[in-house]
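J.: For reference, the structure I am asking about is given below.
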Amino acid sequence: MSTMILRGQALRAGAFVLALAVILGALVAWLNVRGEVKLEAGSPSTPASAEVIARGAYLAQAGNCMGCHTTTGGAEFAGGRGVATPFGVVFAPNITPEARTGIGNWSADEFWRSLHHGRSRDGRLLYPAFPYPSFTHVSREDSDALYAFLRSVPAVERAHTPHALRFPYNTQAALAVWRALYFRPGGFEPDPGQNTEWNRGKYLTQGLGHCAACHSGRNPLGGSSLSAQFGGGLMADGAWYAPSLASPGQAGVQRWPREQVVRLLKDGVSAHATVSGPMAEVVFNSTQYLTEQDLDAMARYLATIPVIEEPPARQRPASAEMMAAGTKVYEQHCAACHGDRGQGVSGMYPALAGNRAVTLASHINLVQQVRRGGFLPTTAGNPQPFGMPPYGQVLNNDEIAAVATFMRQSWGHVAAPVSSLDVLRVR
């Protein structure tokens, strides 16, 4: 009798688990199709006007499409560039109008669905390395202009490089669960309490600019929340830290003159800061080509991101030996350009004293700049930028840690010291 009772309980428990799995599966499936309109089999749209194509070219620069869809030395928009993530590498597809390997057979509706819903022409869910959580805010008019431009570029036959993702992240089921948790298709909603310029800045920043894709914190599953938006976080490859746009102590520009924000986005250098690392690539490929009006609009919006004040850094003095070693490295390799007091040279070498990039809570960017060098983008406003050579082959881990610590604890700085193990982890 007891055996039969236990068997019955097990059957009921199994039935409950099965029913729950079915319900959760149905919920995930619904969350992945909500808001979508079933597309009829379409054909590529008729050629657009030169004006629409030119607008699409501008929008492609605003979205930095070439940044991911073009390999170094490769054909424009032909894909193949890998985007490293904690789950493996996602390779950007060919988006030229080649029929077999590109998007030559896509309709404007199918292209819009990829931006707005993150779904490919054949219905497959797309990985969010393609930042459709941001592109979902792009208007249909702008989507159609982008589509028209991409159909005007030279067609290149280049087969898609398969993604190199670990199991289970390489499955559509896992992607569907991620989307159910973290993706909500939507559209741009202007703030009626703000003027036209501010709303334009919000549209560009949240949509094609996809600034939150890098400058937001993410959990171990790669998901983000509204509370983490613009709060800063590691880039997808873990090689750089995208500083917080909400903190004036990191990359927040809430207290800057607006014209200095515009200059930074346009030229890559301003009286307040310079860009480097991945942001230098963004300026080089994208923002330097935007109009002054659009950059001003973005600056207006960025200045109103709610401020998150960071707690004061706690003093953690490095050892006398570490500071002495750092002083020696700095005098040998850094002082000639950046000055013995970290004062820099105006218009040439950035000051290190008071530099936010030096004193970030995360030491990653400073270590990377020492290792890889610091290179400003070449722009019309700064056509011959000065650069810093890489020292990764000159200095060992101990020396990089020492000079980074010296900079973080000199000239009034109180940032935490950097250890050799910290440097090794960055490598």
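J.: In this structure, does Phe167 turn out to be among the hydrophobic types (A, V, I, L, M, F, W, C) and in a helix (DSSP H, G or I)?
T.: no
J.: Given (1) of a type in the set (Phe, Trp, Tyr); (2) free of Cβ contacts under 8 Å to residues at least 40 places away in the same chain; (3) outside any helix (DSSP H, G or I), where does Trp112 come up short, assuming only one miss?
T.: For Trp112, the failing item is (3).
J.: Just to check your reading of the model, which residue among Ala213, Ala251, Ala246, Ala271 is among the aliphatic types (A, V, I, L, M) and modelled with pLDDT under 90?
T.: Numbers: Ala213 fails: modelled with pLDDT under 90; Ala251 fails: modelled with pLDDT under 90; Ala246 fails: modelled with pLDDT under 90.
So the residue among Ala213, Ala251, Ala246, Ala271 that is among the aliphatic types (A, V, I, L, M) and modelled with pLDDT under 90 is Ala271.
J.: Name the residues in the stretch 398-412 that are surrounded by fewer than 20 Cβ atoms within 10 Å (Cβ to Cβ) and either polar (S, T, N, Q) or in a helix (DSSP H, G or I) (or both), would you? Outline the logic, then answer.
T.: Narrowing the stretch 398-412 to residues surrounded by fewer than 20 Cβ atoms within 10 Å (Cβ to Cβ): 398, 410-412.
Once the filter is applied, which keeps residues that are surrounded by fewer than 20 Cβ atoms within 10 Å (Cβ to Cβ) and either polar (S, T, N, Q) or in a helix (DSSP H, G or I) (or both), the stretch 398-412 yields Asp398, Ser410.
J.: Considering every residue within the stretch 22-36, establish whether at least one is under 19 Å from Thr136 (Cβ atoms) and at pLDDT 95 or above.
T.: no
J.: Ala351 - would you say it is in contact (Cβ under 8 Å) with a residue 12 or more places away in the chain, out of contact with any Lys or Arg (no Cβ under 7 Å at 6 or more places or on another chain) and surrounded by 14 or more Cβ atoms within 10 Å (Cβ to Cβ)?
T.: Yes: the conditions hold for Ala351.
J.: Could you grab the pairs with beta carbons closer than 7 Å, sequence gap of 6+ or different chains, first residue in the stretch 80-98 and more than 20 Å from Gly63 (Cα to Cα), second one part of a strand (DSSP E or B)?
T.: Filtered contacts from the stretch 80-98: Phe87/Leu165; Gly88/Ala164; Gly88/Leu165; Val89/Gly82; Val89/Val83; Val89/Ala164.
J.: Okay, next question. So, in the stretch 354-368, of the ones that are in a helix (DSSP H, G or I) and of a type outside the set (Lys, Arg), which residue ends up modelled with the lowest pLDDT?
T.: The extreme case among them is Ala357.
J.: Here's something else I'd like to know. Given (1) touching a residue at least 60 places away in the same chain (Cβ under 8 Å); (2) under 28 Å from Asn195 (Cα atoms); (3) touching a Leu at 6+ places or on another chain (Cβ under 7 Å); (4) not small (Gly, Ala, Ser), identify the lone condition not met by Leu295.
T.: Every listed condition holds for Leu295 apart from (1).
J.: Would you point out which residue out of Pro93, Pro97, Pro86 is over 30 Å from Gly201 (Cα atoms) and buried (at least 19 other Cβ atoms within 10 Å of the Cβ)?
T.: Going through Pro93, Pro97, Pro86 in turn, the sole match is Pro97.
J.: Separate question: Might you let me know whether the stretch 38-49 holds any residue that is more than 30 Å from Gly222 (Cα to Cα), modelled with pLDDT of 95 or more, out of contact with any Cys (no Cβ under 6 Å at 6 or more places or on another chain) and surrounded by fewer than 19 Cβ atoms within 10 Å (Cβ to Cβ)?
T.: Looking for residues that are more than 30 Å from Gly222 (Cα to Cα), modelled with pLDDT of 95 or more, out of contact with any Cys (no Cβ under 6 Å at 6 or more places or on another chain) and surrounded by fewer than 19 Cβ atoms within 10 Å (Cβ to Cβ), one finds none in the stretch 38-49, hence no.
J.: A further question on this structure: Please work out which residue is farthest from Gln368 (Cα to Cα), limiting yourself to the stretch 196-223 and to residues that are among the small types (Gly, Ala, Ser), in a loop (DSSP other than H, G, I, E, B) and in contact (Cβ under 8 Å) with a residue 60 or more places away in the chain.
T.: Taking the candidates together, the pick is Gly207.
To keep it simple, each residue is scored yes or no on (1) modelled with pLDDT of 95 or more; (2) in contact with a Cys (Cβ under 9 Å, 6 or more places away or on another chain).
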{"position": "Ala155", "(1), (2)": "yes, no"}
{"position": "Thr171", "(1), (2)": "yes, no"}
{"position": "Arg184", "(1), (2)": "no, no"}
{"position": "Gly187", "(1), (2)": "no, no"}
{"position": "Thr196", "(1), (2)": "yes, no"}
{"position": "Asn199", "(1), (2)": "yes, no"}
{"position": "Lys202", "(1), (2)": "yes, no"}
{"position": "Thr205", "(1), (2)": "yes, yes"}
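Residue-by-condition table, conditions (1) in the same structural domain as Arg255 (by TED's automatic domain parsing); (2) buried (at least 19 other Cβ atoms within 10 Å of the Cβ):
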{"position": "Met279", "(1), (2)": "yes, yes"}
{"position": "Phe284", "(1), (2)": "yes, yes"}
{"position": "Leu290", "(1), (2)": "yes, yes"}
{"position": "Gln315", "(1), (2)": "no, no"}
{"position": "Gly326", "(1), (2)": "no, yes"}
{"position": "His333", "(1), (2)": "no, no"}
{"position": "Thr359", "(1), (2)": "no, yes"}
{"position": "His363", "(1), (2)": "no, yes"}
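J.: Considering (1) surrounded by fewer than 22 Cβ atoms within 10 Å (Cβ to Cβ); (2) of a type outside the set (Gly, Ala, Ser); (3) within 23 Å of Gly252 (Cα to Cα), say which one Val367 fails and leave the rest.
T.: (1) is the only condition that Val367 fails.
J.: Okay, moving on. Tell me which residues, restricted to the stretch 369-397, are in a helix (DSSP H, G or I) and more than 25 Å from the chain's Cα centre (by Cα). Before the answer, list the steps.
T.: Step one: of the stretch 369-397, the residues in a helix (DSSP H, G or I) are 369-372, 397.
Across the stretch 369-397, the qualifying residue is only Asn397.
The values are calculated or read from the model by the stated rules, or taken from the named source; none is laboratory data. From a predicted model like this one, the values you see are computed outputs, not experimental measurements. All Cβ positions, glycine included, derive from the backbone under ideal geometry; neighbour counts span all protein chains shown.
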